[in-house]
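Data first, discussion second: the structure below is written as structure tokens.
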Amino acid sequence: MKTIIQGPSEQTYDLKFDMLQAFREGNQQAFDTLFRLLYPALSYFGCQVTQQLAVGEEIAAEAFVKVWKRRAMFTNFNVLKSYLYTIVKNDCIDWLKQEARRKSAEAHGMHVVPAVEPLVWENMIKAELMRELMEAIHQLPPQRQRVIKMLYEEGKSVKQVATELQVSLTAIKLHKKAGLVFLRKMLPLRVFVVLFMLAH
């Protein structure tokens, strides 16, 4: 009998399909897995649109409550993900409009609604790229993962990282080089570019 070996994309598809099936059936563990997978990007997206950390995180968390109540309607993982982004986008815009009305009232009736729509999709795309990037970084060995995060997520220099971790500059440079080689193999070019955007 011929053995069929699944590639990474097929395995990922099966995992997401199984998780979605369990999610639709009301499985709490599936919900938690979905939350861990998508919440970081969604909250980042919400924070970028509202420019308020707490507000963006709250809106993203509330989006999961909304899809949980309608879980039976989702038969496709990408549709569910798109629906979550749409909820966050709409709720962020509603929040911005409410803020504009509040500030307008405080300014004696001057009505100003910010033009945020053109930026929304740009932030959404960036958030999704960030999610892919973070997933890949989490596959690095712990020390290398920490070095990459400090360099690109926290924006620290090689010297600062070496000082904080109490290792040589050479060691940090080697971790950086090996980490970037791994990520370049793992990630599409569009996601890899985001890594360098984080350092600027």
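Name the residues in the range 49-58 that are among the charged types (D, E, K, R) and either over 17 Å from Lys81 (Cα atoms) or in contact with a Lys or Arg (Cβ under 9 Å, 6 or more places away or on another chain) (or both), would you?
If we filter the range 49-58 for residues that are among the charged types (D, E, K, R), which is where we start, we get 57-58.
Residue satisfying the conditions is Glu58 alone.
Do any residues in the range 30-55 that are farther than 15 Å from Arg71 by Cβ have Cβ atoms under 7 Å from those of residues that are of a type in the set (S, T, N, Q), where the two are at least six apart or on different chains, and which pairs are they?
So the pair list comes out as Phe45/Asn123; Gln48/Asn123; Val49/Asn123.
When residues of the range 19-48 are filtered for being under 12 Å from Tyr85 (Cα atoms) and of a type in the set (A, V, I, L, M), how many remain?
3
In the range 94-116, which residues are touching a helix residue (DSSP H, G or I) at 6+ places or on another chain (Cβ under 7 Å), open to solvent by 40 Å² or more (accessible area, probe 1.4 Å) and at pLDDT below 70? Step through it out loud before you land on a result.
Residues of the range 94-116 that are touching a helix residue (DSSP H, G or I) at 6+ places or on another chain (Cβ under 7 Å), as a first pass: 95-96, 110-114, 116.
Still in the running and open to solvent by 40 Å² or more (accessible area, probe 1.4 Å): 95, 110-114.
Matches in the range 94-116: Met110, His111, Val112, Val113, Pro114.
One line per residue, one yes/no per condition, for (1) β-branched (Val, Ile, Thr); (2) at pLDDT below 90; (3) open to solvent by less than 70 Å² (accessible area, probe 1.4 Å):
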residue: Gln11; (1), (2), (3): no, yes, no
residue: Phe17; (1), (2), (3): no, yes, no
residue: Gly26; (1), (2), (3): no, no, yes
residue: Ala30; (1), (2), (3): no, no, yes
residue: Leu37; (1), (2), (3): no, yes, yes
residue: Gly46; (1), (2), (3): no, yes, yes
residue: Thr50; (1), (2), (3): yes, yes, yes
residue: Val55; (1), (2), (3): yes, no, yes
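The values are calculated or read from the model by the stated rules, or taken from the named source; none is laboratory data. These numbers come from a predicted model, not from an experiment. Backbone-built Cβ (ideal geometry, glycine too); neighbour counts: all protein chains shown. Keep in mind that these areas ignore ligands, DNA and RNA; they rest on the heavy atoms of the full protein, side chains included. Shrake-Rupley method; radii C 1.70, N 1.55, O 1.52, S 1.80 Å.
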